[in-house]
Amino acid sequence: MDQSHIEQYRDQGFAVVRGVFEPSEMQELQAAFDQVYALGMEHGRSFRDGNSLFKISDDRNLGPIMRIMQWPSYFNAVLNRFRLDPRMLEIVRPLIGDNLKQIINQMHWKPPGADMVEFGYHQDIRSRRPRSAYRNPADSYVQTGIAVDPHRRQNGAMTLIAASHKLGELQLAPDVTIMDTGMNDEHLNPFGLDPAQEIDLDLDPGDVALWHVFTIHGSGPNVSSIDRRLYINGYVSADNCDRGEWTFRDGAPCELGAPVLVHYDDLHKHPEPHFVDS
């Protein structure tokens, strides 16, 4: 693997490393996605067990669907293996080092025909709360996504505003819930951003995308006949994050133990399995 993606990431706020994982590996990952989806749908509605969260939504066209699943790696060996793969470390190490935690371990689905599978324009920095726990975000955090299916505009691929990370943190529709809205040009206009600058993040299975915590992005509906699945892993320099699961220490992978505090503030107060509001 060469390091050509590093220059693009720094200049454009995103990059793609092609063909990181082999077709046989992707078959394993696709099967793991199917297994976790089926497990989530058995619950019937949103369900939490520690840091693991199955987010079920009631779609107007399809009925209940699972949109995201957080931290499957606590119970699924295949998904755990992919996040710890040395090729993932090789991609992010030049940017944030090899002492890393993870604050994101998340699966995304966009089934064909679903009515409510868009994500409005946003920067990932808006989800780093409490802010005091996440220091020096511009140089400490890299979000990655492994394409499980082909990603094209037709099936709701991610859309990015190139070089928008250079604007720093912006208040993009702070009162809007990202999962409940589409990409609205009115959210870009106050900052002089032109939707014509959008770039579709076209990916094939096995490609790995990475993007900056300040890069503006969103995604549209799936109007195709295939799913759009993405496996997101967000890595952070351990010295600059008080939360998250250790993932690599001096480049060596760290296995998960008892869950530690990541995003779920009530982890130690209510760690037991329970249903949650959708």
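Restricting to region 65-90, name every residue that is more than 13 Å from LEU256 (Cα to Cα), among the hydrophobic types (A, V, I, L, M, F, W, C) and surrounded by 20 or more Cβ atoms within 10 Å (Cβ to Cβ).
Result: ILE65, MET66, MET69, PHE82, MET88.
Within region 117-150, can you find the residues that are assigned to a strand (DSSP E or B) and β-branched (Val, Ile, Thr)?
Across region 117-150, the qualifying residues are VAL142, THR144, ILE146.
From the list ILE146, ILE103, which residue is farther than 19 Å from ALA238 by Cβ and β-branched (Val, Ile, Thr)?
ILE146 is the lone residue from the list that is farther than 19 Å from ALA238 by Cβ and β-branched (Val, Ile, Thr).
Which one is nearest to GLN27 (Cα to Cα), of the residues in region 209-245 that are of a type in the set (A, V, I, L, M) and out of contact with any Lys or Arg (no Cβ under 8 Å at 6 or more places or on another chain)?
Here the residue is LEU230.
From the list ALA114, ALA15, ALA32, which residue is part of a loop (DSSP other than H, G, I, E, B), buried (at least 17 other Cβ atoms within 10 Å of the Cβ), touching a residue at least 40 places away in the same chain (Cβ under 8 Å) and of a type in the set (A, V, I, L, M)?
When all the criteria are applied, what remains is ALA114.
I'd like the full set of residues that are more than 22 Å from the chain's Cα centre (by Cα) and of a type in the set (Gly, Ala, Ser), limited to region 258-278.
ALA258
So which pairs qualify, if the first residue must be in region 126-139 and at pLDDT 95 or above, the second must be assigned to a helix (DSSP H, G or I) and surrounded by 12 or more Cβ atoms within 10 Å (Cβ to Cβ), the Cβ gap must be under 7 Å, and the two must be at least 6 apart or on different chains?
Pairs that qualify, where the first residue is at pLDDT 95 or above and the partner is assigned to a helix (DSSP H, G or I) and surrounded by 12 or more Cβ atoms within 10 Å (Cβ to Cβ), are ARG135/ASN240; ASN136/ASN240; PRO137/ILE125.
So LEU172 passes all but one of these: (1) under 17 Å from GLU245 (Cβ atoms); (2) crowded, with 20+ Cβ neighbours inside 10 Å. Which condition number does it fail?
(1)
The values are calculated or read from the model by the stated rules, or taken from the named source; none is laboratory data. In this text, all values refer to a predicted model and were calculated from it rather than measured experimentally. Cβ sites come from the backbone with ideal geometry, for glycine too, and all protein chains shown count toward neighbours.
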